[in-house]
1. Just to check your reading of the model, which residue among SER46, SER104 is closer than 14 Å to ASP155 by Cβ and free of Cβ contacts under 8 Å to residues at least 12 places away in the same chain?
2. Could you please give the count of residues in region 98-138 that are surrounded by fewer than 18 Cβ atoms within 10 Å (Cβ to Cβ) and touching a strand residue (DSSP E or B) at 6+ places or on another chain (Cβ under 8 Å)?
3. For region 76-89, which residues satisfy the criterion of being buried (at least 16 other Cβ atoms within 10 Å of the Cβ), of a type outside the set (Val, Ile, Thr) and over 14 Å from PHE110 (Cβ atoms)?
4. If I filter region 71-79 for residues that are of a type in the set (S, T, N, Q) and farther than 14 Å from VAL151 by Cα, do I get at least one hit?
5. Is one or more of the residues making up region 111-119 among the acidic types (Asp, Glu), under 21 Å from ALA161 (Cβ atoms), within 14 Å of the chain's Cα centre (by Cα) and modelled with pLDDT of 95 or more?
6. Only one residue in ALA5, ALA73 is at pLDDT below 95, touching a strand residue (DSSP E or B) at 6+ places or on another chain (Cβ under 8 Å) and either within 29 Å of ARG127 (Cα to Cα) or surrounded by 19 or more Cβ atoms within 10 Å (Cβ to Cβ) (or both), so which one is that?
7. Tell me yes or no: at least one residue of region 137-156 is within 17 Å of ILE42 (Cβ to Cβ), touching a residue at least 12 places away in the same chain (Cβ under 8 Å) and outside any helix (DSSP H, G or I).
8. Being buried (at least 19 other Cβ atoms within 10 Å of the Cβ) and either at pLDDT below 95 or more than 19 Å from GLY130 (Cα to Cα) (or both): is that true of ALA37 here?
Amino acid sequence: MRMRALSAGRSAAIPGVFRAGSTAKRRAGGSPVSDKAGFGMIAHISIGVRDIGKSKRFYDATLEPLGYRCIRAARAATGYGYGAETIALWVLFAEHPVAPDEQSGFHVCFAASSAAAVDAFHAAALRSGGRDNGRPGLRTEYAPDYYAAFVVDPDGYRIEAYFGPGET
């Protein structure tokens, strides 16, 4: 199967990111402005991966305990969109994905509904080809009830599941 990849410096046009019927408003110029029921600051994040099959298996298993699922295949590239109701994460085949750099500070944090969901996320990630980057537990250095787990996906992206207070 020939795979379509994103070129460096170019992103796929991915329709349907702004949820129709949401209460998010649009500013002059058309960009969404969040309110409590609409989008936050980021509409979606895309990551490039070398082996889309391996990554799909990993993200299907790892995100399921958090209540997220593969919503659909991408239309403008080879990959998949994940979320609860709308797509917030695109996992896309890339000929030249960003090289892993544990010192970059970059990671993606997924919201969890409970500490048990964080635990299940971590276990699923390890069973599905991820590696541990911080066992589930309280991180009181962040907040008294910040419960999180950290893993590294098969392509080296650092991901976290978090349950606790809202961040300010």
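The values are calculated or read from the model by the stated rules, or taken from the named source; none is laboratory data. Computed from a predicted structure; not experimentally measured. Reconstructed Cβ throughout: ideal geometry from the backbone, glycine too, with neighbour counts over all protein chains shown.
1. On inspection, the qualifying residue turns out to be SER104.
2. Total meeting the criteria: 18.
3. Residues satisfying the conditions are ALA77, GLY79, TYR80, GLY81.
4. yes
5. no
6. Only one candidate passes the filter, namely ALA5.
7. No, that holds for no residue.
8. No, not satisfied.
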